[in-house]
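What follows is calculated from the coordinates using simple rules that are stated; it is not laboratory data. Everything quoted here is computed from the prediction, not taken from an experiment. Ideal geometry is used to build each Cβ from the backbone, glycine not excepted, and the neighbour counts take in all protein chains shown.
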Amino acid sequence: MTAPLTGVASAPAAVLCGLGSWVPPRVVTNEELASRLDTDDRWIRSRTGIGSRHLAEQGQATSDLAVEAGRSALRSAGSPHADAVLVATTTPDRLCPATAPLVAARLGLCGAAAFDIAAVCTGFVYGLATACALITSGTARRVLLVGADTYSAVVDPEDRANAVIFGDGAGAVVLRAGHTGEPGAVGPFDLGSDGTHEEMIMIAAGGSRLRTASGEHARRDSHFAMRGKEVYRQAVRRMSDSARAVLAQGGWTVGEVDHLVPHQANLRILHSVADVLELPRERCVTHLEKVGNTGAASIPLALADAARRGVFRPGDRLLLTAFGGGLTWGSSLLTWPDAPV
Ligand code: UT7
């Protein structure tokens, strides 16, 4: 009699089976920003690694970007179906309701469970963990997870520190029920937060704490604000600690990692994380030169770009790590699937 499959290799897992991305067509180069802000291409490239970014037009909302990326991920998965739709975003269409139900409806997925994930730039990794939990608990068999942000809606266009960094975009994955041993399996996860540093990355007004921005700080309070230097240090520390923790959980050594796919915050941050982990910088997947920091969209956009360029081979081991406001951080492991996504 054949023994039933037991152990790690047969444990339920979420498996990557679809990948898609979309950025608004409008490209804003460093030169264009320099024509209206006190900055220049050299400063931006040397301090951030960013050469250009895509910005949404007035009236183009996060759901518009998310629908395009979601549609392309479903197409790549070979099926228009999903039982749950998650949208990781810091820039939802509205404070209420969530953006995910609208995205689901526009993708023909009315009736699916749908909700937003709010973990700022860590949103995609938190979303992956949530999608995996829905699948491994048997609540869903197929989940569409979109990371989408329209930072141009919240960044003050006159704020040179942030205007040069952030861009708009959306990336999406489809996850299906499967098993831990198969290529495409996602997990384990390391997730964390530290709310004592709430003020490091913040949009102060518009929520229940400060309902409307007014007075002398009205402009600042109604826009995205970030303490760049402190965030930089936290980002390197948190992503590298979290990456190490998830590698230990998964039983992978650093040497076994084929590709590090970090949240695309700043090229110097990404290289520092690789250096701390003692991973060759060439193994670090970067896409921010063309799109900037796209928040919750950055990891799936980087995955989609690298997949398009043929960077990943079936069975390659990927280490994903992210850091963002909250503070929040998180990491996960992924073996690249056999079938093209
Ligand atoms: O996605 C969430 C996570 N986000 C991040 O991880 C971003 C983390 N932080 C960073 O990437 C970097 O801190 C920045 C790119 C935001 C800034 O780089 P930095 O090397 O930390 O520069 P800084 O803030 O220390 O500024 C250095 C100088 C300052 O001038 P002074 O005080 O030395 O005279 C700034 O005023 O650069 C000036 N500066 C600029 N100069 C030209 C700031 N922004 C600009 C600019 N162009 N766009």
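Some points to look at:
- About the Cα centre, charge dipole magnitude for region 242-327 (Lys/Arg +1, Asp/Glu -1 at Cβ), debye: 160
- Distance histogram in 10 Å bins (all Cα pairs of region 128-169, percent per bin): 26, 27, 18, 22, 7
- Tensor-based shape of region 186-335 (alpha-carbon gyration tensor, a/c under 1.5 rounded, otherwise prolate or oblate): prolate
- Cα centroid of region 27-88 to Cα centroid of region 102-155, whole Å: 17
- Amide H contacts under 5 Å for C284: L260, restricted to partners 5 or more places along the chain or on a different chain, H placed in the peptide plane at 1.01 Å from N.
- The chain, relative contact order in percent, only Cα pairs under 8 angstrom and at least six apart counted: 25
- Note that region 82-91 has calculated 3J(HN,Hα) couplings of 8, 8, 9, 10, 10, 10, 8, 7, 10, 10 Hz, one per residue in order, obtained from phi through the Karplus relation 6.51 cos²θ - 1.76 cosθ + 1.60 (θ = phi - 60°); glycine and proline are x.
- For H179, nonlocal amide neighbours, meaning residues 5 or more places apart or on other chains whose placed amide H falls under 5 Å from its own, are A13.
- For the chain, the longest principal axis of the C-alpha atoms and the axis of helix 298-308 are separated by about 60°.
- Positive-pole candidate from H197, A218, C132, dipole of the chain, charges at beta carbon: C132
- In the chain, helical runs assigned H by DSSP with n ≥ 4 each contribute -39500 (n - 2.57); averaged across all residues and rounded to the nearest 500, the mean residue ellipticity at 222 nm is -9000 deg cm²/dmol.
- Farthest toward the positive end of the dipole of the chain, out of A11, A98, H287, is the Cα of A11, where the dipole comes from beta carbon charges about the Cα centre.
- Estimated inter-spin distance, V27 and D194, nm [label 7 Å along Cα→Cβ]: 3.9
- Whole-Hz couplings from phi, Karplus 6.51/-1.76/1.60, listed for region 121-138; x for Gly and Pro: 6, 8, x, 5, 5, 4, x, 4, 4, 5, 4, 4, 5, 4, 6, 6, 7, x
- Antiparallel DSSP beta bridges within region 12-179, percent to nearest 5: 70
- Using θ = phi - 60° and Karplus 6.51 cos²θ - 1.76 cosθ + 1.60, couplings along region 324-334 (whole Hz; Gly, Pro as x): x, x, x, 5, 9, 8, x, 9, 8, 10, 8
- Long-range HN-HN contacts of F224 with modeled amide H, under 5 Å: V155, D156
- Put a plus charge on the Cβ of each Lys and Arg, a minus charge on the Cβ of each Asp and Glu, and nothing anywhere else: the dipole of the chain about its Cα centre is then about 280 debye.
- Expressed to the nearest 5 percent, the antiparallel share of DSSP beta bridges inside the chain is 70 percent.
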